[in-house]
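J.: Below is the structure I would like to discuss, written out as structure tokens.
FYI, it's all coordinate maths here, none of it is from the lab. The model shown is predicted, which means the values in this text are computed figures rather than measured ones. Cβ coordinates were reconstructed from backbone atoms using ideal geometry, including for glycine residues, and neighbour counts include every protein chain displayed.
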Amino acid sequence: MFSDNGTNFVGANRLLAEEYTQFLQSAEQHLVEKYNIHGFSWHFIPPQAPHMGGIWEAAVKSMKTHLRKVAGHLKYTYEEFSTLLVRIESILNSRPLSPINEDPSELVPLTPGHLLRGAPLMAIPEQFSDNLSLMNRWQRLKTLQLHFAQRWKNEYITELQRRYKWKKTQRDLKPDDFVVIKEDNLPPTEWRLGRVVKVFTGKDFKVRVAEIRTQNGIIIRPVVKLCILPNC
């Protein structure tokens, strides 16, 4: 585990260590033999050095920026704001990180939700529309969640698609690559994923189009709509 040096994280590390020790002391021998080799290691950056946590600090900045843009001009009760933050949290923790294994037939990605609860985050399907009345407070929260998801997903996929032209050569797509398919109007916690089945090159012998296997069948998309998920 890597984090900044906040007192809440330092305290959590100490509490987890104490409870883990108590578990090993109270558990039966066969459980101790099974779990004693696991444990955990928590690494902290130096105090007062948030710039050294660049990866997660950038994610926090991105979330705050989009939240301020879509919801910063409104007033909320405590319950409304808590509900909105929890729904946004589900969006962030549903993002695909990498293939969950090396099986080419597997279309489920590893997400932060797997690390939090051992399974992907699920949400009940809801009807979203930009035409929902803002006079209804619950509908307003759903509309804000949708707008946040659209903005944040576009930024996340853009980061995955980043190209450093003329600096270094980027590898082409190839069969069995696990990709995120850029799609508009998906529910906030859903992502369209697939495996590359076949690639098509242009006159410059670079891959321009790919055939993708998804849960709903085979589709064809240009490479500008596809983002490779790197293996962990």
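J.: If you average the C-alpha positions of region 102-119 and of region 188-232 separately, how far apart do those two centres end up, in angstrom?
T.: 19
J.: Moving on to the next point. Pull out the extension gain between L116 and F81, defined as 0.36 nm times the separation in residues minus the alpha carbon to alpha carbon distance; nm, one decimal.
T.: Result for the pair: 10.4 nm of gain on full extension.
J.: Cα-Cα over 24 Å: which of K142/K182; K69/K225; K75/K182; K64/K142; K64/K225; K182/K206? List each step's numbers first, then the result.
T.: Working: K142/K182 22 Å; K69/K225 26 Å; K75/K182 33 Å; K64/K142 18 Å; K64/K225 26 Å; K182/K206 20 Å.
With Cα atoms farther than 24 Å apart: K69/K225; K75/K182; K64/K225.
J.: Additional query: With r defined as the distance between the Cβ atoms of L97 and H51 and R0 fixed at 22 Å, what FRET efficiency is calculated, to the nearest 0.05?
T.: Using R0 = 22 Å, I get an efficiency of 0.40.
J.: Further, regarding this structure: By the scheme Lys and Arg +1, Asp and Glu -1, what is the net charge of all other residues having a beta-carbon under 12 Å from that of L85?
T.: It works out to a net charge of -1.
J.: Right, another one. Check cross-link reach from K174 to the aspartates and glutamates: straight Cα distance under 19 Å, and skip same-chain residues fewer than eight apart.
T.: Of all the aspartates and glutamates, those that pass the test against K174 - Cα under 19 Å, at least 8 places apart if same chain - are E102, D103, E106, D204, E211.
J.: According to a simple spin-label model (label point 7 Å from Cα along Cα-to-Cβ), what is the distance in nm between L107 and H73?
T.: 3.9
J.: Would you please put 81-87, 146-152 in order of how densely packed they are, using the mean number of other Cβ atoms within 10 angstrom per residue and starting with the highest?
T.: By packing density, highest mean first, the sequence is 146-152, 81-87.
J.: Amide H of K198: which non-local residues (sequence gap of 5 or more, or other chain) have their own amide H closer than 5 Å, using H built in the peptide plane?
T.: E211
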